[in-house]
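Beneath this line is the structure, given in structure tokens, with notes to follow.
The values are calculated or read from the model by the stated rules, or taken from the named source; none is laboratory data. Because the structure is a prediction, the values reported are computed rather than measured. Here the Cβ positions follow ideal geometry from the backbone for every residue, glycine too, while neighbour counts run over all protein chains shown. For the accessible areas, the whole protein counts, side chains as well, though only heavy atoms, and no ligand, DNA or RNA atoms are used. Shrake-Rupley method; radii C 1.70, N 1.55, O 1.52, S 1.80 Å.
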Amino acid sequence: MTGRSMDPERASARVQAIAEALGRLGERITEAQAREIAVGQQCDCQEGMFALAPTRRGLLGSAGLIAAVGATAMLLRTASAKASPGAVEYQVPEDPTKEPGRLMGVDGGYGSRSQFETDVRWVNPTRTASFTPLQASYGTITPSGLHYERHHAGIPNIDPARHRLIIHGMVNRPIKYSLADLKRFPTVSRTYFLECSGTTGSEIMKAREPTVQRTHGLVSTSEWTGVPLSTLLKQTGLKPSAAWVLAEGSDAAVMTRSVPIDKCLSDALVVFAQNGEAIRPEQGYPMRLFLPGWEGNISIKWLRRLEVSDKPFYTREETSKYTDLITTTGKARIFTFTMEAKSVITFPSGEMNLPGAGFYEITGLAWSGRGKIVRVEISTDGGKSWSLAALQDPVLPISQTRFRFPSIWDGTPAIIQSRATDETGYTQPTHQQLFDERGPLESAPLFYHMNGIQSWAIAADGSVKNVHPT
């Protein structure tokens, strides 16, 4: 694949080469073949649709009866496909133009996806996390049914009519809210990514997972709807010394995290809807805290309590867990909330196979907890040289951004990478830069906030696999 920066003359030649490669895609047919196919696909319902066109009866002539008998026979030979999760299995006719489709409402009123779409979340062996199939994603929004999950004690089943959110502590007026109360406040909708801080953590020392779903699948993007937390805190009246808030969930783990008051008063939300409908149980139904750009664990799900204090609470999840080991000093960083700039190529990526040399559009996702992505660069030679990728609109702050890069693979082995830069000027680091900052993690299984550059190796036979950059 070509990836070096080029002068205008070479760039023009590359554009021409890409245009020629695109021109070789698809199966070429003649106009006569096209018309023959079109005649074969016509049905009686088309008569009268085109005033000057010959009718189907005229085209078929004396063969009409034979054709009709053949069509009837085809209707009797139906096939079926085993339905995938989220789909319903229906019979598949040989020719869908020869019989009416199913009526609306047979699915009960809540839609389903095609039975031929099979992408699902991958669940880890301990069944504590499920990973979004990024390799099959389009655009930036993750369907609610494919949004990643991370649980510490399973998914609680909560009756929204009985659920309450209590705000108390260093406030003037402790308040208890029902879901109905929450929905009466003015709401906002924001598109944000959410990422587990352990995403790609196992990849720091060597390439462990085979696919982009399993390396980077603990990140997803949704439209979230709810009430600014600042609005609710305003109702309670914060005391002058208020500095932290303890957020507590209703799961069996009683998940709790300390949140600085400044974050609570800026862009924090209490959300009850995702992608236009109620958030799903695995995402915190009936309500969750959402802290844009911060590690997913702190956006407490099944939110039931917010306690205001003048100091952090040093809970289990921010002392024994979700801290960053500095192996060169033997110490650990605590309260490292922000998810830094990161990117990954989703096509081509691990366990894919390119059918042969020619044009391919390299594409993937980039995101940053500090704001907008302003630049994504692509390397096709293992980081020796870099070229700018195009950013697909919309480019939103604290949201995943789709990038695209046209490339021609010449059939020889290549290592492809992406690196992102956000609007603060921060650029995604290499693994070596992370080692230099925090030291290697030889024995521990996880490296929180691991945002190093991902490498995919394309072999001469077109197979793609995860490789370690060092």
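At-a-glance table
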item	result
Solvent-accessible area, 1.4 Å probe, carbon plus sulfur percent, for region 336-470	53 percent
Per-residue SASA entry for residue 163, accessible area with 1.4 Å probe, Å² rounded to 10	10 Å²
Diffusion constant of region 374-470 at 25 °C, which comes from Stokes-Einstein with the Kirkwood Cα-pair radius and 0.890 mPa s, µm²/s	163 µm²/s
Accessible heavy-atom area order of 244, 409, highest first, probe of 1.4 Å	244, 409
Mean projected area in nm² (Cα convex hull; one quarter of hull surface) for region 274-372	11.6 nm²
Relative contact order computed over the chain (Cα-Cα under 8 Å; 6+ residues apart), in percent	15 percent
Stokes-Einstein D (µm²/s) once Rh is taken as the Kirkwood radius of the chain over alpha-carbon pairs, at 4 °C in 1.567 mPa s	51 µm²/s
Helical contribution to [θ] at 222 nm, DSSP H n ≥ 4, -39,500 (n - 2.57), averaged over the chain, rounded to 500	-4500 deg cm²/dmol
Rg(Cα) / (2.2 N^0.38 Å) computed for region 368-407, rounded to two decimals	1.26
Built amide H within the under 5 Å cut-off of residue 423, gap 5+	372, 374
Calculated SAXS-style log₁₀ I(q)/I(0) at q = 0.15, 0.16, 0.27, 0.34 Å⁻¹ - region 341-383, Debye, Cα scatterers	-0.48, -0.53, -1.11, -1.32
All Cα pairs of region 95-148, percent lying beyond 15 Å	65 percent
Volume of the Cα convex hull of region 182-253, divided per residue and given in Å³	171 Å³
Rounded Å value of the spacing that divides the Cα centres of region 266-293 and region 129-192	3 Å
Rounded to whole Hz, the Karplus (6.51, -1.76, 1.60) HN-Hα couplings of region 95-105, x for glycine and proline	9, x, 7, 9, 8, x, x, 6, 7, 5, x
Neighbour cut-off at most 16 other Cβ (10 Å), DSSP loop, trypsin sites (Lys or Arg not before Pro), region 202-293	206, 208
Alpha-carbon Debye profile of region 216-334, log10 I(q)/I(0) at 0.24 Å⁻¹	-1.47
